[in-house]
1. Can you find even one residue in segment 94-102 that is touching a Lys or Arg at 6+ places or on another chain (Cβ under 9 Å), among the basic types (Lys, Arg) and surrounded by 15 or more Cβ atoms within 10 Å (Cβ to Cβ)?
2. Go through segment 41-77 and count every residue that is at pLDDT below 85, part of a strand (DSSP E or B) and of a type outside the set (A, V, I, L, M).
Amino acid sequence: MRSGIRLSNRAASVIEALESRTMFSVDLAAAALVSKLPDHVIAGEKITATAKATVSVSADSDAAELRSLKATVQFFLRSEGVVDASSDIALSKVMIVSGLRAGKAKLVTAKLTIPLGTSGGAYSLIAVVDGQNVIAESNEANNFIAAAGPTAVATPFVSLDILPVTYPFNGQVGVPIF
């Protein structure tokens, strides 16, 4: 009997197995958006972004267990001044990042395309680490980071304006005019 609670032999053996494990608290963080983004882009244009993800642990842990940790990173556009993430525009599929080491940064680079249907306006590029909250962390609030400044996104357009054509008054048939 432990702490006044009667345990079956099987439950007691599970607790014994767990007692010998080193328990640690993991914290993933989106540390920085490394790449400089253009000030202006047109919907449909490709950009490259690099995010830095870091891992912290609260105690010495089994290195193999930490190396097996796989985190996700995803990039989004968020309308400037909007706090609600429900309107974010996904720019990348979820990327799996492995080989994480405690206290070390891992750079994740993605080639992103601004979707053609994106409305014109000012947007922030956002990087999110473990956006689905698959990994239990000691701090879930530091999993995203926004780029330092907004990027202006313009909708693509085609001008069908007819421009005036000018020509010299002294042109002759069969003779180049330029």
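1. Scanning segment 94-102 turns up no residue that is touching a Lys or Arg at 6+ places or on another chain (Cβ under 9 Å), among the basic types (Lys, Arg) and surrounded by 15 or more Cβ atoms within 10 Å (Cβ to Cβ).
2. Residues meeting the conditions: 4.
The values are calculated or read from the model by the stated rules, or taken from the named source; none is laboratory data. Quick caveat: nothing in here was measured; it's all calculated off a predicted structure. Please note: Cβ atoms are built from the backbone with ideal geometry, for glycine as well, and neighbour counts cover all protein chains shown.
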